[in-house]
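Next up is a structure, given as structure tokens.
The values are calculated or read from the model by the stated rules, or taken from the named source; none is laboratory data. From a predicted model like this one, the values you see are computed outputs, not experimental measurements. Quick reminder, even Gly has a Cβ in these numbers, built from the backbone with ideal geometry, and neighbours come from all protein chains shown.
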Amino acid sequence: MRILLLCNKLPYPANDGSSIAISKMIEGFVEEGAQVSVLSLNTIKHFKDPVKIPQKIRESVDFTIVDVNTNV
């Protein structure tokens, strides 16, 4: 099964409710053998360093991270 997750912010590190929920979904899909792709915005307000994505997750998930300025 192939799964594409569209995220309004990068879910790693998982340090708030939505990030925890998204990261657990990703990990569950991977454990079940799904091919997971994540398209995530990386805004100034919720900026997270992609280097902090755990190595195990980086190896099994295809991340596309788009840096975007959403300021008015």
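Of everything in segment 20-72, what is of a type in the set (S, T, N, Q), surrounded by 10 or more Cβ atoms within 10 Å (Cβ to Cβ) and assigned to a loop (DSSP other than H, G, I, E, B)? Give them in sequence order.
Selection gives Thr70 alone.
If the Cβ limit is 9 Å and pairs must be 6+ apart or interchain, which residue in segment 24-46 that is at positive phi pairs with which residue that is modelled with pLDDT under 95 and surrounded by fewer than 15 Cβ atoms within 10 Å (Cβ to Cβ)?
Here the result reads Gly33/Met1, each pair linking segment 24-46 to a residue that is modelled with pLDDT under 95 and surrounded by fewer than 15 Cβ atoms within 10 Å (Cβ to Cβ).
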